[in-house]
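The values are calculated or read from the model by the stated rules, or taken from the named source; none is laboratory data. Nothing here was measured: the structure is a model prediction, and the numbers come from that model. As a convention, Cβ positions derive from the backbone with ideal geometry for all residues, glycine included, and neighbour counts pool all protein chains shown. The area values use the complete protein model at the heavy-atom level, side chains included, leaving out ligands, DNA and RNA. Shrake-Rupley method; radii C 1.70, N 1.55, O 1.52, S 1.80 Å.
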Amino acid sequence: MNSKIKKTILLVEDEVIIALKEKTDLTSYNYNVIMAHSGREAIETFNGNKNIDLILMDIDLGDELDGTIVAEEILKIKDIPIVFLSNHTEPDIVQKTEKITSYGYVVKNSGITVLDTSIKMAFKLYDAKKESQEKEALLQSIAENYPNAYVAVINTDLKASFLSGQLIKKQNSNESNVLNDIIHNISEDNKQTIKNYYMKTFNGEECSFTIDQSDQTYLFKTVPIDSGSNNINQILSVAENISQRRQTELEQNRIQDQLQQIINSSSDIIWTVDLKGNYTFNNPIIYNILGYQEEEIKNSNAFNLMHPDDISQMEKMFKDSTSEQKGWKNVSIRWKHKNGSIRTFESSASPLFDKKGTLIGFSGIDRDITDRADLEKKLEDQLALFQTVINQSPVPMVIAKPNGELIYNPACAEQLNFEHEPSLQQGMNLFTMKQSWKDYDKDGNLIPVEDLPLAQALQGKATTGLEIKVVWNNDQTERWEIVNATPIYNKEGSLIAAFVAFPDITDLKLAESEIKNQLAEKELLLKELHHRIKNNVASIESLLSIQADSMSHPEAKTAIKEATGRLQSMGILYEKLLSEPKDTNNTAKNYIESLIDSINTTFINTTDFKVIKQIDDFSLNPKKLFPLGIILNELFTNSIKYGMNKGGTTTIEISLTASNNNIT
């Protein structure tokens, strides 16, 4: 034997001479030999030497412990190959040793060659056993940690020689019931399917298949186990319960399908590109929008589809985005349509990273804004025209965008002391600018910025003819404006801006105040004049009454009283005119009754007269009411004059009615 590493053998033999002979022979075959002459010595020697590789055990050891008992005790300490060396050839003794260990049985005096061969065979069996145990331990470890599965080794008779796994534990399966039949308790069709795949695997084919049993789904994987011979005697079968995974996959597929439907039905171009700008994905809408076929877009470079004037700018942006590993948002890009026309898009993108965090490209969305861009161009042209018009206007004007950004004309800049050039100014914001003035309503209440007409117009509320007093912070000087503000809407009814005009009416307010002051003075003078007229009329009445009382001639006295009545009629009407508002009609009933009572007091000094008044309540212009009073005065005074001293009670009935614009 020429092995480089000597094996150490414990030779257990009670006969010293035989033991020495066997040791000499074994040593000549390059074995290290340790001798023990009794069972107890053998156990003690084995315990004290960890380098023993094999034991040659005699059965008859001459003491109370024979070789079989010693072998059992040693195997309790450690698994080691034991070859029995004995003169016994009886079958019962041989069978007894086989129950203890199966590494070999050699009859003494068989020769060193037979013994050496038996020892080598024992080592091979032991190494094969250890390898098998290690493989089984590894297989057991894998099986025990394999989620929702069992692992089995299947023999050619389709029985399981090994079965373990987490699934077995979870289901509290009794291994003895399923160890020999791995496809227990499933339908016959499924059982036959599994058998067919097992047979394919015994023919050298690795298989993977699924089995649906009730509401559970199992994934089977089978591989042949190499036994070192041409025939495959065992296969490895792994069955995993993938029901939950299948449900998750189905849900993921459903979500993926929905996402794909959304992407395919989107009116925006959804895309991904690599770091060179080559398309790696795009949804079908790009073919409709730009007119290209799928093969013309697939793997093409995005820069080749851009407007030539935009390429250099977009290449720089793409390079900067790649360097900074960030995307872009709402960037305007012009794309070439296949028919030669130009479409304008608004592009936004985000960086794409692989699992290691390495930038691999960009994904984004491009929205066709060609119609909006054309409209914005028209608006720009209209704005240029609008600029020309309002720049020449002396009226301050301001346009506010929804975000509060202001555009104003030079008249506004001049009125608000802004620095300006001969064009519309931008950059100031209604909600953030610092005002050097405060705004008040006509009642003196401070108006906050959010309640100003321009801010209200941004909320959709128009303002007409609102007077606002502006007070400057530095010197407290005042200025008045009349404000008109209105919201501006597009064709779709969306608010896009607000407009306000606020001419300075300070001079007008000052003139109005001056006029009011002058009018108040004139009214005061007029009241004084009216007062003097009333006093003069009253003085004349008093003089006429005194004159009438001093006269003895009846006709003269009557004439004076008639004149006094006429004067009273004029005085009453004049007083009524003063008490009524300007430019209004007077109440006929009030005037006529007051006139009758005054005449009655002047002429009637007896109870022989009874006056009945039936006068409607209606209004009449003073120009018509005064002649009516003169006529009534004449009629009433004549009735008194000619109805006196006739005996009995005289009744005078006065009726005045208005109907259908007629007075009777």
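Measuring how big region 56-131 is from its alpha-carbon positions, Rg and Dmax come out at 12.2, 37 Å. Average accessible surface for the chain: 60 Å² per residue, computed with a 1.4 Å probe over protein heavy atoms with every protein chain in place. Within the chain, DSSP assigns beta bridges of which about 80% are antiparallel (rounded to the nearest 5). In plain terms, if you count all Cα to Cα distances in region 46-87 and split them into 10 Å steps from zero, the share in each step is 28, 57, 15 percent.
Of K76/K124; K108/K159; K50/K124; K21/K135; K298/K378; K298/K491, which ones are farther than 31 Å apart at the Cα?
As for pairs spanning more than 31 Å Cα to Cα, those are K108/K159; K21/K135; K298/K378; K298/K491.
If R0 is 45 Å, what FRET efficiency do you get for A520 and T649 from their C-beta distance, rounded to 0.05?
On the way: r = 54 Å, r/R0 = 1.20.
The computed FRET efficiency comes out at 0.25.
Rolling a 1.4 angstrom probe over the chain with all protein chains present gives an accessible area of which 50% lies on carbon and sulfur atoms.
Per-residue ellipticity at 222 nm, computed for the chain from helices alone with -39500 (n - 2.57) per DSSP H run of at least four residues, works out to -14500 deg cm²/dmol.
Placing R0 at 41 angstrom, the Cβ-Cβ distance between N445 and A384 gives a FRET efficiency of 0.55 after rounding to 0.05.
For region 253-344, list log₁₀ I(q)/I(0) at each q in 0.12 Å⁻¹, using the Debye formula over Cα point scatterers of equal strength and ignoring solvent, two decimals each. With one equal scatterer per Cα and no solvent, log10 I(q)/I(0) is -0.42. The fraction of Cα-Cα pairs per 20 angstrom bin, counted from 0 for the chain, comes to 11, 15, 16, 13, 14, 11, 8, 5, 5, 1, 0 percent, rounded to whole percents. The Cα trace of region 450-568 gives Rg and Dmax of 31.6, 96 Å, the first to one decimal, the second as a whole number.
Here region 11-142 is treated as an ellipsoid with the same Cα gyration tensor; its semi-axes, largest first and in whole Å, are 24, 17, 16.
Counting only alpha carbon atoms, the long axis of helix 370-391 and the longest principal axis of the chain meet at about 30°. Rounded to the nearest 20 debye, the dipole size of the chain about its Cα centre is 2120 debye, using +1 on the Cβ of Lys and Arg and -1 on the Cβ of Asp and Glu.
From the largest down, region 281-432 spans 61, 40, 25 angstrom on the principal axes of its Cα atoms. Size of region 194-234 from its Cα atoms: along the principal axes, largest to smallest, the extents are 41, 13, 12 Å. Coupling constants for region 655-664 follow from the phi torsions by the Karplus curve (6.51 cos²θ - 1.76 cosθ + 1.60, θ = phi - 60°), and in residue order they are 10, 9, 10, 10, 8, 6, 6, 10, 10, 10 Hz; glycine and proline get x. What the Kirkwood sum gives for region 349-499 is a hydrodynamic radius of 18.2 Å, with every pair of different alpha carbons counted. Here region 385-541 is assigned +1 on the Cβ of each Lys and Arg and -1 on the Cβ of each Asp and Glu. Its dipole about the Cα centre then comes out at about 320 debye.
Evaluate E = 1/(1 + (r/R0)^6) for K130 and I17, where r is the Cβ-Cβ distance and R0 equals 30 Å; express this FRET efficiency to the nearest 0.05. Rounded to the nearest 0.05, the efficiency is 0.25.
Given the Cα-Cα distance of S312 and T248 and 0.36 nm per residue of separation, how much length would full extension add, in nm?
Extra length available between S312 and T248 comes to 18.4 nm.
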